[in-house]
1. Please specify each residue of the stretch 99-126 satisfying the condition of being among the aliphatic types (A, V, I, L, M) and either touching a Cys at 6+ places or on another chain (Cβ under 8 Å) or not in a helix (DSSP H, G or I) (or both).
2. I want to confirm something. Restricting to the stretch 91-122 and keeping residues that are of a type in the set (G, A, S) and in contact with a Phe, Trp or Tyr (Cβ under 6 Å, 6 or more places away or on another chain), which single residue is surrounded by the fewest Cβ atoms within 10 Å (Cβ to Cβ)?
3. For the stretch 196-215, give me the residue count where each residue is small (G, A, S), surrounded by fewer than 24 Cβ atoms within 10 Å (Cβ to Cβ), assigned to a helix (DSSP H, G or I) and in contact with a Leu (Cβ under 9 Å, 6 or more places away or on another chain).
4. Can you name every residue in the stretch 37-84 that is of a type in the set (G, A, S), within 23 Å of L305 (Cα to Cα) and in a helix (DSSP H, G or I)?
5. Is there any pair with a first residue in the stretch 15-28 that is within 12 Å of G164 (Cα to Cα) and a second that is surrounded by fewer than 16 Cβ atoms within 10 Å (Cβ to Cβ) and not aromatic (F, W, Y) whose Cβ atoms are under 8 Å apart and which are 6 or more apart or on different chains, and what are they?
6. Return the residue satisfying two criteria in turn: it lies in the stretch 137-148 and is part of a helix (DSSP H, G or I) and among the aliphatic types (A, V, I, L, M), and of such residues it is surrounded by the most Cβ atoms within 10 Å (Cβ to Cβ).
7. Condition first: within 24 Å of A23 (Cα to Cα) and outside any helix (DSSP H, G or I). Can you find one or more residues in the stretch 127-136 that meet it?
8. Quick check on this structure: which one of V252, V277, V245 is assigned to a helix (DSSP H, G or I), at pLDDT 95 or above and either out of contact with any Gly (no Cβ under 7 Å at 6 or more places or on another chain) or among the charged types (D, E, K, R) (or both)?
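The values are calculated or read from the model by the stated rules, or taken from the named source; none is laboratory data. None of the values given here were measured: they were computed from a predicted structure. Ideal geometry is used to build each Cβ from the backbone, glycine not excepted, and the neighbour counts take in all protein chains shown.
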Amino acid sequence: MKRVVEQVRALHRLEPANNDHLAALRVAASVAVPSLLLLVAGRPDLIIYAVFGALTGMYGRNEQHQLRLRHQAQAALVLLSGVGVGVFLSVNHLHSWWLVAVEAVLAGVGSVYSDRVRLKPNGPFFGILALGACASVPTVVPWYVAMLIAAGSAAFSVAVGFSGWLRRRSWQRGAARHPGSAGRREVILHAARYVLAVGAAGSLGVLSGSGHPHWAMAAAAVPLAGADLPSSVRRGVHRIVGTFVGLAVTAVVILPEPWTLTGLFPGQQAILLALLVILFQFTTELFMARHYGFAMVSFTPVILLMTQLAAPIDPALLILERGVETLVGALVGILVVVAVRRAGSRSPAALLGRAPLLGRLPLFGRAGRPRH
């Protein structure tokens, strides 16, 4: 009973701050500059590509400059691959089952790569999120323009992350990021779980008739980034609860009534939505390493506002589908985490954090906490 209480308390525990405001400011600047340039150019519909490129800034947050430079370059490869594949699917009108199949396979490939280079945040989540989002909106510019926007935004994020070196000029000779030490079997098993969870969640999304099955696939990947079984389940719960609270925040912003009251014209609405994307991305990063659920309260509006800017639909339907797909996907991810485990981690004690799990391996970080 004591272990159960501990796990319940862990759901709302806020981890200590660790210069989170600095990382949040870097990410906010990385998102703001390319987004504002697109606003000035009158193309808020293209901000989605800039934001996914700018998410490069979320990686290597507490590393030394030369290590962050390498880490963010590796992350940019994942993000730009996701954008590129998503744009390809969009341009060629490959949706539904094509999207599920491609995203599931690339989730597995991205898992292997992420584990080998030890990306933090863990796993291929942001890459497959970019893939699904870009595939699900019409590409209204030549494909190479979308890629240039994403690549330019990623490059700017790397420059922002490295800019602190100009002030400190510190360079530790011989510094290196330790490679992942998990064996091939663990890496392959982890990748298989991604393929299974993402594929199953996407299939349910397509069968349900949702216009956004990629949200279910992204949500299914969330629990798989946990350090161990208890933290994986917590991440899934945080994803659901944080998303639902974030949907309430989003509803206040994009449902028709608030716009009627403010009297804003459509162009002014787009500007306000873009500015809110920048603000919410700042608060997302502010809490990302401290409490995943709090971070999702802000990240949910980021995704939905970007989607509305790129391809507006009925706001109520957008909110409803986001809620349903997140719930389905997160539950599928939790089910896969519980069902597909290493030998020796199937006991009730493992579920409560009393048995050694994958989290004891350096690949997955300290047991009980996800690696960010």
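1. Step one: list which residues in the stretch 99-126 are among the aliphatic types (A, V, I, L, M), which gives 99-102, 104-107, 109, 112, 117, 119.
Correct list: L119 only.
2. Kept after step one, since they are of a type in the set (G, A, S), are these residues of the stretch 91-122: 96, 101, 104, 107-108, 110-111, 114.
Applying the additional criterion that residues be in contact with a Phe, Trp or Tyr (Cβ under 6 Å, 6 or more places away or on another chain) yields 107-108, 111.
Values: A107: 29, G108: 20, S111: 29.
Applying the filter and picking the extreme gives G108.
3. Start the filter on the stretch 196-215 by keeping residues that are small (G, A, S), which leaves 197, 199-203, 205, 208-211.
Narrowing further to those that are surrounded by fewer than 24 Cβ atoms within 10 Å (Cβ to Cβ): 199-200, 203, 208-211.
The next check asks that each one be assigned to a helix (DSSP H, G or I); those that pass are 199-200, 203.
This time we only want the ones that are in contact with a Leu (Cβ under 9 Å, 6 or more places away or on another chain), so: 200.
Selection size over the stretch 196-215: 1.
4. So the first thing to find is which residues in the stretch 37-84 are of a type in the set (G, A, S), and the list is 41-42, 50, 53-54, 57, 60, 73, 75-76, 81-82, 84.
Subsequent filtering for residues that are within 23 Å of L305 (Cα to Cα) retains 41-42, 50, 53-54, 57, 76, 81-82, 84.
Selection gives A50, G53, A54, G57, A76, S81, G82, G84.
5. From residues that are within 12 Å of G164 (Cα to Cα), the pairs are A23/N62.
6. Of the stretch 137-148, the ones part of a helix (DSSP H, G or I) are 143-148.
Then drop every residue that is not among the aliphatic types (A, V, I, L, M), which leaves 145-148.
Numbers: V145: 15, A146: 24, M147: 19, L148: 14.
Selected residue: A146.
7. Just the residues of the stretch 127-136 that are within 24 Å of A23 (Cα to Cα), to begin with: 127-130.
Pick out the ones that are also outside any helix (DSSP H, G or I) and you get none.
Within the stretch 127-136, not a single residue is within 24 Å of A23 (Cα to Cα) and outside any helix (DSSP H, G or I).
8. Working: V252 fails: at pLDDT 95 or above; V277 fails: at pLDDT 95 or above.
One residue alone meets the criteria, V245.
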